[in-house]
1. Can you tell me the mean projection area, over all orientations, of the convex hull of region 53-110's alpha carbons? Units nm², please.
2. Convert each backbone phi in region 70-75 into a coupling constant with the Karplus relation 6.51 cos²θ - 1.76 cosθ + 1.60 (shift: θ = phi - 60°), then list the ³J(HN,Hα) values in order as whole Hz, x for Gly and Pro.
Amino acid sequence: MRIFNKYKIIILMLLLLLLISMPVNAVSDLEKEIAKRNLKRYTERYGKAKLEPRVRNKVEKIFNKLASKAEKNAPDIDFKLHVVDAKVLNAVYLGDGHVMLFEGMLKATENRNQLAAVLAHELGHGVNDDIQDSIDLIQGIRLGSLLIDYAKDGQVNQENPGFITALSWQLLQKGFSRKQEREADRYSVFLLE
């Protein structure tokens, strides 16, 4: 009977793995929470950029034009731009439609086309659902690790994810994030047409 129960649990975990891999059309509650926390963290750390009205209008006009086109490919996402006061040469997609542009990146762009390319790339992460894909990958690896633990000795060690989980995450994440960057680049080319 114990072996039968073990197989029932393994089958249940396999079904959960299958459910995790199914596509999600709407932004998940977890992605919304991650975006909310990261937005708060970045805004508290750097503060909102104090842009001249002319610059702010230019940035918003470029972003709004791109976002309205991107929203046709992701109707469940309402894209929003946040510019923070940091010299960092970066922009990031936080999830749930939030794009963060660092003032250092804004100043480093030499013209509208360069700025549009940066913003289009970040919108690509949103349209491509990259945050949710990463969440799904992490959950899948974790569930797979629990499944291996249980199949191995009939016990689940939830406190220590183990070497296999950590190694799997590192190896998959490297290739996964490069793939996401390439796809965001491809989408940005489409968006800029």
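1. Numbers: hull surface 16.4 nm².
Average of the hull's projected areas for region 53-110 equals 4.1 nm².
2. Once rounded to whole Hz, the list reads 5, 5, 5, 8, 9, x.
Just so you know, all these numbers are worked out from the coordinates, no wet-lab data involved. Fair warning: this is a prediction, and the values are worked out from it, not measured in the lab.
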